[in-house]
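Okay, structure first, notes after.
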Amino acid sequence: MLIKLSRSSDCNASEITPEDLYLSRRALLGGTLAGLALGAVPRLGAAGEVSRYADAVPGAAPAWFNDKLAATRWQAVTAPGEAITPFKDATHYNNFYEFGPDKGDPAANAGSLKTEPWSVVVDGEVAKPGRYALEDFVKPYQLEERIYRLRCVEAWSMVIPWLGFPLAQVLKQVEPTSKARYVRFETLQDPKSMPGQRSGFALIDWPYVEGLRLDEAMNPLAILAVGMYGRELANQNGAPLRLVVPWKYGFKSIKSIVRISLVAEQPRTTWQGLAPDEYGFYANVNPTVDHPRWTQARERRLPSGLFSPNVRDTQMFNGYADEVASLYSGLDLRKNY
Ligand code: MTE
């Protein structure tokens, strides 16, 4: 982002997906539902779901997560024709400035994040505000696997199998009032466990804040994720609860959420506050509107290296135009970037 551009040498050749793993992933994807069809999918055994992703390192999930996993709707949304990014890349090439500015810092430092117990506050313009223990917060919702493209504003991308539930379900449950027009999200602020928040060099005014318009937040593609690759979220990916908004640049997908507020005014978001000429509130993936310092027409799909850069064209709304373009009819996307 503002701080550092990634180098193509950040990934080495040994991280490129082995062919047999790639083919087994293709086979997995080949039998999936097209596009966004949410329907009957094979119900697999609960035990060892992580084995669906041969390269995923098992985590140490809390009991509530394992209980929910049994009823997961697998492959509820797929990315036909896309190879899933190796687990190693998804968990070792991260942006999570609370743990440092370099891509390897979150994996190296996020072990200090204590994700249990965890509570989430829902407040603001809602009929039913509350503070919930995470296990109570997620209890009403069935987990779904959503295989989404993730496009960072820095022009790299991945394909990640998330486990989560629609944000719309949570919002309906808390009953927004007629004044609610935006949803504001806040990450944990805990300098003791987050070295980036202790650093005198960090430009960010903590906590990290993101926001969506209420109708964007209600779109079925927007989810709150608690897992990835058949296991719980790795700390560096935003455990234990993060937002995933696949048609927007990755910085909108805020990690380690502790507060969700329904508000009347557009919230001031972290990157918008830091560099408003470079990072807008909407941040929709848009190959026709360049970042002031680089093109957004193309992206580097990880893993990518010097000899196989794996560059491809960026798609409008990251390939989700059919589902979300109508949210922006009449809006000038050059001004509202
Ligand atoms: N959330 C918080 N709290 N802090 C961050 O620094 N980085 C964002 C987003 N969410 C960030 C965050 C950016 S810039 C990106 S691209 C994605 O997380 C990266 O998600 P990943 O590391 O799981 O790929």
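The values are calculated or read from the model by the stated rules, or taken from the named source; none is laboratory data. Small disclaimer: the values here were computed from a predicted structure and weren't measured. Cβ atoms come from the backbone with ideal geometry, glycine included; neighbour counts cover every protein chain shown. These accessible areas exclude ligands, DNA and RNA; they are computed on the full protein's heavy atoms, side chains included. Shrake-Rupley method; radii C 1.70, N 1.55, O 1.52, S 1.80 Å.
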Please go through region 68-84 and pick out each residue that is surrounded by 19 or more Cβ atoms within 10 Å (Cβ to Cβ) and within 16 Å of the ligand (Cβ to nearest atom).
-> Ala79, Ile84
Would you confirm whether any residue within region 170-178 is open to solvent by 20 Å² or more (accessible area, probe 1.4 Å), among the basic types (Lys, Arg) and either in contact with a Phe, Trp or Tyr (Cβ under 6 Å, 6 or more places away or on another chain) or under 28 Å from Ser112 (Cα atoms) (or both)?
-> no
Note on region 172-209: residues part of a helix (DSSP H, G or I) and away from the ligand (no atom under 16 Å from the Cβ) are Lys172, Gln173, Val174
What single numbered condition from (1) within 14 Å of the ligand (Cβ to nearest atom); (2) more than 16 Å from the chain's Cα centre (by Cα); (3) among the small types (Gly, Ala, Ser) fails to hold for Ala155?
-> (2)
Given (1) farther than 19 Å from Tyr229 by Cβ; (2) of a type outside the set (A, V, I, L, M); (3) in a loop (DSSP other than H, G, I, E, B), where does Gln169 come up short, assuming only one miss?
-> (3)
Pairs only if they're at least six apart or on different chains, beta carbon under 8 angstrom, first in region 320-334 and basic (Lys, Arg), second open to solvent by less than 50 Å² (accessible area, probe 1.4 Å) and part of a loop (DSSP other than H, G, I, E, B); list them, first residue then second.
-> Arg334/Val289
Regarding Leu163, is this residue touching a residue at least 24 places away in the same chain (Cβ under 8 Å) and in contact with a Gly (Cβ under 6 Å, 6 or more places away or on another chain)?
-> yes
Which listed residue, of Thr314, Thr269, is farther than 30 Å from Val126 by Cβ, among the β-branched types (Val, Ile, Thr) and touching a strand residue (DSSP E or B) at 6+ places or on another chain (Cβ under 9 Å) | Thr314
Selection within region 179-201 - buried (at least 17 other Cβ atoms within 10 Å of the Cβ) and in contact with a Pro (Cβ under 8 Å, 6 or more places away or on another chain) = Tyr182, Arg184, Glu186, Thr187, Leu188, Gly196, Gln197
Within region 117-144, track down each residue that is under 19 Å from the mean Cα position of the chain (by Cα) and either over 23 Å from Ala71 (Cα atoms) or not aromatic (Phe, Trp, Tyr) (or both).
-> Val120, Leu134, Val138, Gln142, Leu143, Glu144
Taking Val153 and the conditions (1) over 24 Å from Glu232 (Cα atoms); (2) open to solvent by 10 Å² or more (accessible area, probe 1.4 Å), which numbered condition does it fall short on, given that it satisfies the others?
-> (2)
Flagged pairs (Cβ under 8 angstrom, 6 or more apart or on separate chains; first in region 267-282, under 11 Å from Ile204 (Cα atoms) and open to solvent by less than 40 Å² (accessible area, probe 1.4 Å); second away from the ligand (no atom under 14 Å from the Cβ) and outside any loop (DSSP other than H, G, I, E, B)) are none
Any pair with Cβ under 6 angstrom, 6 or more apart, that starts in region 207-227 at a residue that is aromatic (Phe, Trp, Tyr) and ends at one that is in a strand (DSSP E or B) | Tyr208/Thr187
Tabulated pairs, region 89-108, first more than 17 Å from Ser199 (Cβ to Cβ), second of a type in the set (A, V, I, L, M) and assigned to a helix (DSSP H, G or I), C-beta under 8 angstrom, 6+ apart or interchain = Thr91/Ala107; His92/Ala107
Going through region 93-141 in order, the residues found to be farther than 30 Å from Trp156 by Cβ and acidic (Asp, Glu) are Glu116, Asp123, Glu125, Glu135, Asp136
Name the one entry in Phe65, Phe87 that is within 16 Å of the ligand (Cβ to nearest atom) and either of a type outside the set (Lys, Arg) or in contact with a helix residue (DSSP H, G or I) (Cβ under 6 Å, 6 or more places away or on another chain) (or both).
-> Phe87
